[in-house]
């Protein structure tokens, strides 16, 4: 990604877009930054934040509509794919709607980007795509496979490069555990699924930085996984409501006890770097390609990166500091 480029973000009115847009405008000074999404009200609200910046454009459309995507992608250089159906229970009860957006929509974007000669595409993924146990995770795994494979067999002869970034629980985003607990604080009781449950902790700014890094580093087909700390859900609850009641309610359908971002099966093609891991696709022997490996170090056989076996842990004091610094934004984007 470079100055004076044209960038499009699918699902750009979501939590990621609200962080990515101002940070990218400041760092790269793009010619155009296009927000592509289907919710006119969210676009209207977001447009008010950037009303004095002519670089920010808004485009109503759905990734299920390939023709509309193709129109939006005209003269676009870089794409961040953030649009998805993400709520686990919603996907379980409306399975094919999730497939239409997360799988069919991904394929529409891939085809439209190739047709419009987009230079690079980075798709956002999730920990739930690693060893998935719910439909949402399964659709995101399918999406990841589509994006990585499209560098080879599908996109042969075209210039478009596709890669993926994967991260877990975004601190303070809408629907995440911190604003959920804070909304219940006055009741004096917080529901805990399981005292053993752990989650990765990443800020939106860190997620944006991982996307930037992917654009700079990618050759095509890589899955980038940022090194981030873990925390027990019970410790988050104790920080937010230290003297209240914590009621154990059990794990919901499709929910994992611990988040996982790299499975033992992925370890055979995973390399470690200072601040992230990189999973290389095993098609075309790309897991042995020095252009993609660069200075990476192969992880040990059987390596698993999950929130319970993490070497980095967030303390209550660090979380409290983050809450104090970001309290005006928690749960609002």
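The values are calculated or read from the model by the stated rules, or taken from the named source; none is laboratory data. Fair warning: this is a prediction, and the values are worked out from it, not measured in the lab. Backbone-built Cβ (ideal geometry, glycine too); neighbour counts: all protein chains shown.
If you go through the stretch 28-55 and keep only what is at pLDDT 95 or above, within 22 Å of the chain's Cα centre (by Cα) and assigned to a helix (DSSP H, G or I), you end up with 42, 43, 46. Of the residues making up the stretch 196-212, just one is closer than 16 Å to residue 9 by Cα, touching a residue at least 24 places away in the same chain (Cβ under 8 Å) and out of contact with any helix residue (DSSP H, G or I) (no Cβ under 8 Å at 6 or more places or on another chain), namely 210. On the given criteria, is residue 2 farther than 23 Å from residue 142 by Cα, at pLDDT 95 or above and exposed (fewer than 15 other Cβ atoms within 10 Å of the Cβ)? It is false that residue 2 is farther than 23 Å from residue 142 by Cα, at pLDDT 95 or above and exposed (fewer than 15 other Cβ atoms within 10 Å of the Cβ). For the stretch 70-99, how many residues meet the condition of being at pLDDT 95 or above and buried (at least 21 other Cβ atoms within 10 Å of the Cβ)? Counting residues in the stretch 70-99 that are at pLDDT 95 or above and buried (at least 21 other Cβ atoms within 10 Å of the Cβ) gives 11. The number of residues in the stretch 64-105 being assigned to a loop (DSSP other than H, G, I, E, B) and within 27 Å of residue 26 (Cα to Cα) comes to 8.
Looking across 102, 117, one residue alone is closer than 24 Å to residue 212 by Cα, crowded, with 21+ Cβ neighbours inside 10 Å and in contact (Cβ under 8 Å) with a residue 24 or more places away in the chain. It is 102. Of the candidates 298, 278, 294, the single residue that is over 20 Å from the mean Cα position of the chain (by Cα) and under 17 Å from residue 210 (Cβ atoms) is 294. Within the stretch 1-54, the set of residues being farther than 26 Å from residue 105 by Cα, touching a helix residue (DSSP H, G or I) at 6+ places or on another chain (Cβ under 6 Å) and without any contact (Cβ under 8 Å) to a residue 60 or more places away in the chain comprises just one member, 3. Only one of the numbered conditions (1) under 26 Å from residue 304 (Cα atoms); (2) in contact with a strand residue (DSSP E or B) (Cβ under 6 Å, 6 or more places away or on another chain); (3) assigned to a helix (DSSP H, G or I) is violated by residue 113, and that is (1).
Just a yes or no: is a residue in the stretch 316-331 over 24 Å from residue 137 (Cα atoms) and touching a strand residue (DSSP E or B) at 6+ places or on another chain (Cβ under 6 Å)? No, the stretch 316-331 contains no residue that is over 24 Å from residue 137 (Cα atoms) and touching a strand residue (DSSP E or B) at 6+ places or on another chain (Cβ under 6 Å).
Taking the criterion of being modelled with pLDDT of 95 or more and within 30 Å of residue 219 (Cα to Cα), the residues of the stretch 162-191 that qualify are 162, 163, 164, 165, 166. Scan the stretch 306-316 for residues that are in contact with a helix residue (DSSP H, G or I) (Cβ under 9 Å, 6 or more places away or on another chain) and within 14 Å of residue 262 (Cβ to Cβ) and the total you get is 2. If the condition is being surrounded by 15 or more Cβ atoms within 10 Å (Cβ to Cβ), touching a residue at least 60 places away in the same chain (Cβ under 8 Å) and in a loop (DSSP other than H, G, I, E, B), then the stretch 290-333 contributes 307, 308, 310, 314, 329, 330, 331, 333.
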